[in-house]
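One structure below.
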């Protein structure tokens, strides 16, 4: 899902650019994003366990566009499931199962085109599919990383440490993680929409906003780890954060103003914020697992204790 409403909200801060303008730069790529897109072209085969490499070919074709433009790719894959997303992931699995059954039923009725639509929604990317792509990357000597948990936090870490210069993804979560330079909507011609977080925060509309406030605004609007309070979207999240400057003050105002704030919302918010700030990532230089940011950094209200067990 990413951050609800974030990219439309930032549309006027996006800049269309060709990837060749980053010649010589290192770019982290969300591997599963390309895997999912590649799977659309062969979803029936994947759902019905028929042999296909179309998704690998799609992946390598997109990769070649970057290589031809002089970029050095670093492909990042999701690793283990993040415990805090257990409910979200189960909901997605249930939806995929339902779509798979609908696709099979339509196929049995002799309606392959209608079935394809449901198979596209049902297709599941397995570790075996990722391995097929990884083997192809090894053959081309393209660098890759398998994250301990989510690729998003791993890519944000690589960018914040200067190990890559920018990130290419379709997931708006990268901005909530504090990733400095992100490319969205990468097309076949090599064009993408560039968002520079520093440039966004330098705009008059975000005067006084810190990166931490930006992340809190994103969580208030709704994310994979916490749905928003009813009737609070990105615009209201922005307005409240601009005026009150902390999630604690915003939540108090929401309760006082009659919004239906769940009883556990403040604790759940803090847990979501801990994930965005301190998720476990892999340090390729030290070759060990660390937190995205040291626990106790970042000015999170109530921070200092150990992170929750489902942080990842």
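The values are calculated or read from the model by the stated rules, or taken from the named source; none is laboratory data. None of the values given here were measured: they were computed from a predicted structure. All Cβ positions, glycine included, derive from the backbone under ideal geometry; neighbour counts span all protein chains shown.
Structural remarks
- Scanning segment 167-190 finds one or more residues that are free of Cβ contacts under 8 Å to residues at least 24 places away in the same chain, closer than 28 Å to residue 66 by Cα and in a helix (DSSP H, G or I).
- Yes/no for residue 71 being within 15 Å of residue 134 (Cα to Cα), in the same structural domain as residue 120 (by the TED database), in contact with a strand residue (DSSP E or B) (Cβ under 7 Å, 6 or more places away or on another chain) and crowded, with 18+ Cβ neighbours inside 10 Å: no
- Restricting 6, 10, 35 to those that are farther than 14 Å from residue 182 by Cβ, surrounded by 14 or more Cβ atoms within 10 Å (Cβ to Cβ) and touching a helix residue (DSSP H, G or I) at 6+ places or on another chain (Cβ under 7 Å) reduces the list to 35.
- All of (1) at pLDDT below 95; (2) in contact with a strand residue (DSSP E or B) (Cβ under 8 Å, 6 or more places away or on another chain); (3) more than 15 Å from residue 76 (Cα to Cα) hold for residue 171 with one exception: (3).
- Filter result for residue 144 (without any contact (Cβ under 8 Å) to a residue 40 or more places away in the chain, under 19 Å from residue 37 (Cα atoms) and crowded, with 16+ Cβ neighbours inside 10 Å): no
- Against the numbered list (1) surrounded by 17 or more Cβ atoms within 10 Å (Cβ to Cβ); (2) in contact (Cβ under 8 Å) with a residue 60 or more places away in the chain; (3) not in a helix (DSSP H, G or I), residue 238 comes up short only at (3).
- Residue that is surrounded by the most Cβ atoms within 10 Å (Cβ to Cβ) [pool: residues in segment 246-290 that are part of a loop (DSSP other than H, G, I, E, B) and in contact (Cβ under 8 Å) with a residue 24 or more places away in the chain]: 279
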